[in-house]
Amino acid sequence: MLATKIENPMTLEEVKKLPPVKATQQENFLNADQQSSKGPEMEVIDGLSYPKGTEAVGVAYLAKAADEGATETDHFYPPFSDLDYTPRLEPKKFRRPKFIDRDSIPSIGLKTIFGTDDRKVFYSTAYPWRCVGRVETPLGTGSGVMIGPRHVLTCSHIIDWQPNNTTGWFKFTPMYYNGSAPYGAAFGIKTYYKYKVNGPTIDGTEAQYDYTVVVLDRPIGNSTGWMGSKSYTDSWDGSAVWTHAGYPFDLTGTQRPTYQTGIALDGDFWTTDDHESMTHQADVYPGQSGGPFWGYWGGQPFAVATQSAQNASNNTASGGANLVDLVNRARTEFP
C-alpha cells in the first residue's frame, strides 16, 4: 500500500447529492449461530470459564507522517449490500425513551452534548453503516468499525491490557441492535497498538494514540464490508464533513447505535499529523468510545479517527498517520 496524495474529503452538500446504490447480488442472511462455525477459544480463570484473550503486538511510532508508510488503506463495498449515505432510522415501534437522564449524573460532564442533541438512533444493513458495531471487553462496552477483512478499529482504552503482552477477551458484533446480530459476532486473537491507553482518565499523550486494531478469529468483513482509513491532516481542520457512529450509554444503554453527521474536527496545533488528538463538539457519551469518524472520497467511506474522551469544554478523537500504519501492519501480517 504505497503512499498517495491525500485530497480533501467531499463536503456534506456533495455527499447529500449522492444517490443510494442498490445491491447487484442477493444477500444471504444467516443467524449468529450459523455465522459462527465455532465458539471462541475458552480459558478458566478462578474457576470460571471466559473467552480467551488476545496477544498484544506493539508497533513502532512513525517519525514523519508525510515520508513514511501508507497514507490510506482500501475499503470494500460488498456487491450484495445496498449503499446508503443516510441510514434508515429505527422503526417507531422499537423506539424507546432515553436509557438514563444525563442530568442525574453530573460527574460525566453535561457539555459532552453541545446544544441540541443531534444523534439519531438507526438500524441499517446498508453499507457503510453495517460496518459499525458494538465492542465488549472485560472493561465494559464501546464501539468500533470493520477496517479490513477481519480487522476492527477501536479505541485503546477499551482494551483490558494485561502483563506479558496479552489482553483480556474482545468481542465485536457488527450492526448489533437490541440483541440481534445479523452477521454474528467474532472474537479477537491479536491486538495491534501504538500505545497502551489505560482509563478512566486519559492524559495528553494517551489522547494522541487512543486507537487499536484487533484481528478477529474469522473474516466477518467479507459479509459486512469494511471502511478504508486515511491519515488526518490539519488542513481539514474546521471542515464540517465528518460522520460519527457508536453505541451510547445514555440514549440506548449501548443496545442500539446512533449517528451524527456534519462534524468538524480540529487537530492539535502542537503535534504533527502522524499522531494527534483532535477536539470536536460532536454529541458523545460513554459507550461511543472507539466509534469511527469518517468522511467520503469518491462516494466511499474512509475513517480518520476514533472517539477517545470527553470533558466539559471539548470532546476528543485520536488519529493520524500512525493510525493508518497500524491498520496496514495488522492487515499485512494477518490478512
Positive-end residue, the chain charge dipole about Cα centroid, Cβ charges, pick of Pro91, Asn314, Gly295: Pro91
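With the other protein chains left in place, how much accessible area per residue, in square angstrom, belongs to the chain at a 1.4 angstrom probe? Display every interim value, and only then the final one.
Working: 14390 Å² over 335 residues.
Computed with neighbouring chains in place, this is 43 Å² per residue.
What part of the accessible area of segment 147-258, given as a whole %, is carbon or sulfur when the probe is 1.4 angstrom?
Its accessible area is 49 percent carbon and sulfur atoms.
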Using modelled amide H (1.01 Å from N, peptide plane; none on Pro or chain starts), what sits under 5 Å from the amide H of Gly262, excluding residues fewer than 5 places away? Trp242
Once you keep just the Cα pairs under 8 angstrom separated by 6 or more residues, what percentage relative contact order results for the chain? 24
The computed P(r) of segment 232-276 puts the percent of Cα pairs beyond 12 Å at 65
In terms of modelled amide H atoms, which long-range or inter-chain residues lie less than 5 Å from the amide H of Ala305? Phe293
Give me the accessible area of Met10, 1.4 Å probe, in Å² rounded to the nearest 10. 30
Order of 307-318, 193-204 by packing, highest average Cβ count within 10 Å first? 307-318, 193-204
Taking amide H positions as placed 1.01 Å from N in the peptide plane, with prolines and chain starts having none, which residues 5 or more places from Arg256, or on another chain, fall under 5 Å of its amide H? Asn178
If every alpha-carbon in the chain counts as one equal scatterer, what log10 I(q)/I(0) does Debye give at q = 0.09, 0.13, 0.16 1/Å? -0.42, -0.92, -1.47
Residue-level accessible surface for Arg329, protein heavy atoms, 1.4 Å, Å²: 80
Sorted from largest down, give the three principal axis spans of the alpha carbons of segment 210-335, whole angstrom values. 40, 36, 27
Sorted list, accessible surface of protein heavy atoms, 1.4 Å probe, largest first, for Tyr192, Tyr77 is Tyr77, Tyr192
Table column - 3J(HN,Hα) (Hz), segment 245-258, Karplus curve with 6.51, -1.76, 1.60, x for Gly and Pro: 9, x, 10, x, 7, 6, 6, 10, x, 6, 8, 9, x, 10
Explain nothing, just the number: dipole magnitude of segment 131-208 about its Cα centre with +1 on each Lys and Arg Cβ and -1 on each Asp and Glu Cβ, in debye rounded to the nearest 20. 240
Put Thr167, Thr279 in order of accessible area, largest first, probe 1.4 Å, and you get Thr279, Thr167
Given the whole protein assembly as supplied and a 1.4 Å probe, what does the accessible area of Glu55 come to in Å², nearest 10? 80
Over all alpha-carbon pairs in segment 140-275, figure out the percentage whose distance exceeds 21 Å. 49
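The values are calculated or read from the model by the stated rules, or taken from the named source; none is laboratory data. The shown structure was predicted, so the numbers you read here are calculated from the model rather than taken from an experiment. No Cβ is skipped: glycine too gets one built from the backbone with ideal geometry, and neighbour counts run over all protein chains shown. We work out accessible area using only protein heavy atoms, side chains counted, and drop any ligands, DNA or RNA first. Shrake-Rupley method; radii C 1.70, N 1.55, O 1.52, S 1.80 Å.
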